[in-house]
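Trainee: Pasting a structure below so you can have a look.
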Amino acid sequence: DRTMTEGTPRAVHTKEPIPGVDKIIAVSSGKGGVGKSTVSVNLALALAHHGKRVGLLDADVYGPSIPRMLNLNEKPTSDGKKLQPLEAFGLKVMSMGFLVDEQTPMIWRGPMVASAVTQMTKDVDWGQLDVLVIDLPPGTGDAQLTLAQRVPVSGAVIVSTPQEIALIDARKGLAMFRKTLVPILGMIENMAYFISPQSGEKSYIFGEGGARRTAEEQDCEFLGEIPILMSLREGSDTGEPLVASEPDSEGAEIFKAIAARLIEKLDSA
Ligand code: ADP
């Protein structure tokens, strides 16, 4: 019994459902810069590809990058009660980046982050959604903990590179979700390898199979590996994410396969 060994589980009774939203997937990472936002965006698009109505909440209040990744520059409007999400590639999108200037440094402290995020979930007119994907801030601090406790997350996905340094923090993420009784959907290895355009050979730049081994050791599902792709990086920078711009590419197929598996898991939960 995990609850016996990892201390008292945190209360779950404070979680209120988001009206109109069926399932919530939280995408998290132990460290910044591992591709969590890139994965969130392309996974959201892949879920939409499978016919789901999908929302994307950029809760990475420290460094909201979703507006740039989807080339969204407008400010969301409000009817005095709720904020209207913006739309991109069929996704409903909300980000702290819409509300605060990109140049403004944000000196959010833990509690402020948590309240900002709960507001962005509750005070947004999401309409009817099958899935809301939340791009969490990196790390396992108080903010993430409070969020995991307050938002009724259906399941968490953990993104890591194969490096040991990233995996150490990914393990902390797993522990946090277990402690807060959030089901763990699985782990995704990003930047798993690079395919040489000349020889077609795979190079394991950050080491081979680290996330897969960690997933096994931690008894959580390994959802798949995403290579280092120029097209993914370019898509993020230009606001034309890969799954939308090249939906039949090899890279997009990987996201679609992971999305299909997530749908299967959520439906059977
Ligand atoms: P995080 O959200 O974890 O901080 P980002 O998603 O912002 O990370 O990614 C960091 C940088 O790495 C971005 O410039 C992004 O375009 C790039 N990137 C992420 N994943 C890949 C990948 N698989 N291949 C190539 N570039 C990637």
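The values are calculated or read from the model by the stated rules, or taken from the named source; none is laboratory data. Here the structure is a predicted model, which means the values were calculated and not measured. Heads up, the Cβs are rebuilt from the backbone with ideal geometry, glycines too, and the neighbour counts pull from every protein chain shown. Please note that ligands, DNA and RNA were not included when accessible areas were found on the heavy atoms of the full protein model with its side chains. Shrake-Rupley method; radii C 1.70, N 1.55, O 1.52, S 1.80 Å.
Trainee: Just give me the residues in the stretch 229-253 being part of a helix (DSSP H, G or I), more than 10 Å from the ligand (Cβ to nearest atom), of a type outside the set (A, V, I, L, M) and crowded, with 16+ Cβ neighbours inside 10 Å, in sequence order.
Mentor: SER245
Trainee: Still on this structure, I have one more. Failed condition for PHE177, given (1) more than 16 Å from the ligand (Cβ to nearest atom); (2) surrounded by fewer than 20 Cβ atoms within 10 Å (Cβ to Cβ), with all others met?
Mentor: Looking at each condition in turn, PHE177 falls short on (2).
Trainee: Of the conditions (1) part of a strand (DSSP E or B); (2) away from the ligand (no atom under 16 Å from the Cβ), VAL182 fails just one. Which one is it?
Mentor: Tallying (1) part of a strand (DSSP E or B); (2) away from the ligand (no atom under 16 Å from the Cβ), VAL182 fails exactly one: (1).
Trainee: Separate question: Condition first: in a loop (DSSP other than H, G, I, E, B), small (Gly, Ala, Ser) and modelled with pLDDT under 80. Can you find one or more residues in the stretch 3-24 that meet it?
Mentor: The answer is yes; a qualifying residue exists.
Trainee: Out of the residues in the stretch 192-205 that are in contact with a strand residue (DSSP E or B) (Cβ under 6 Å, 6 or more places away or on another chain) and either assigned to a loop (DSSP other than H, G, I, E, B) or open to solvent by 70 Å² or more (accessible area, probe 1.4 Å) (or both), state the one that is farthest from VAL151 (Cα to Cα).
Mentor: For the stretch 192-205, the residue satisfying everything is LYS202.
Trainee: Could you pull out the residue among GLU225, GLU189 that is closer than 17 Å to SER37 by Cβ, touching an Asp or Glu at 6+ places or on another chain (Cβ under 6 Å) and buried (at least 17 other Cβ atoms within 10 Å of the Cβ)?
Mentor: GLU189
Trainee: I'd like the full set of residues that are more than 29 Å from ALA48 (Cα to Cα) and either in contact with a Gly (Cβ under 6 Å, 6 or more places away or on another chain) or aliphatic (A, V, I, L, M) (or both), limited to the stretch 200-252.
Mentor: ILE205
Trainee: Would you confirm, using the coordinates I've provided, whether ASP219 is on the phi > 0 side of the Ramachandran plot and open to solvent by 40 Å² or more (accessible area, probe 1.4 Å)?
Mentor: For ASP219, the condition - on the phi > 0 side of the Ramachandran plot and open to solvent by 40 Å² or more (accessible area, probe 1.4 Å) - is met.
Trainee: Please pick out the residue among LYS92, LYS31, LYS75, LYS81 that is away from the ligand (no atom under 16 Å from the Cβ), basic (Lys, Arg) and touching a helix residue (DSSP H, G or I) at 6+ places or on another chain (Cβ under 8 Å).
Mentor: Exactly one of LYS92, LYS31, LYS75, LYS81 is away from the ligand (no atom under 16 Å from the Cβ), basic (Lys, Arg) and touching a helix residue (DSSP H, G or I) at 6+ places or on another chain (Cβ under 8 Å), namely LYS75.
Trainee: Find all pairs meeting these conditions: Cβ atoms under 6 angstrom apart; at least six residues apart or on different chains; first residue within the stretch 79-99 and under 23 Å from LEU43 (Cβ atoms); second residue hydrophobic (A, V, I, L, M, F, W, C) and modelled with pLDDT under 90.
Mentor: MET94/MET120; MET96/VAL61
Trainee: Give the stretch 38-56 a look and list any residue that's within 13 Å of the ligand (Cβ to nearest atom) and open to solvent by 10 Å² or more (accessible area, probe 1.4 Å), or say none.
Mentor: Once the filter is applied, which keeps residues that are within 13 Å of the ligand (Cβ to nearest atom) and open to solvent by 10 Å² or more (accessible area, probe 1.4 Å), the stretch 38-56 yields only THR38.
Trainee: Within the group ILE226, ILE195, ILE168, which residue is over 19 Å from SER40 (Cβ atoms) and within 12 Å of the ligand (Cβ to nearest atom)?
Mentor: It is ILE195.
Trainee: Which condition does GLU201 not pass, out of (1) among the charged types (D, E, K, R); (2) within 16 Å of the ligand (Cβ to nearest atom); (3) free of Cβ contacts under 8 Å to residues at least 40 places away in the same chain, if it passes all the others?
Mentor: The one condition GLU201 does not meet is (2).
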